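The next block holds one structure in the form of structure tokens; read it before the comments.
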Amino acid sequence: MYEQTNKFDQLNHPVLQVIKIQKISSGDNRSTKYRITLTDGKYFTKASVNIQLNKMFENGEIKTNSIIE
């Protein structure tokens, strides 16, 4: 029973590590986006980050090797 509950929690609250951050500037240099690569230790995926979260990257709140939930 514990194992099933633990797996359920992992699906609902995944813990991921940021392994790569790419800063992507638009052609007009007005807006910057970030593309990140995330891993759960077994698999990885890439994601584009909403520009509303840019400050978290710019102030170092999220950086390479950060753990996020």
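If the condition is being touching a residue at least 24 places away in the same chain (Cβ under 8 Å) and either more than 13 Å from the chain's Cα centre (by Cα) or not in a loop (DSSP other than H, G, I, E, B) (or both), then segment 54-69 contributes Phe57, Ile67, Ile68.
Among the residues of segment 15-53, those identified as in a loop (DSSP other than H, G, I, E, B), of a type outside the set (A, V, I, L, M) and closer than 19 Å to Lys63 by Cβ are Asp40, Gly41, Asn50.
Read-outs: derived from the displayed coordinates by stated rules, not from any lab. Since this is a predicted model, take the numbers as computed values, not measurements. Please note: Cβ atoms are built from the backbone with ideal geometry, for glycine as well, and neighbour counts cover all protein chains shown.
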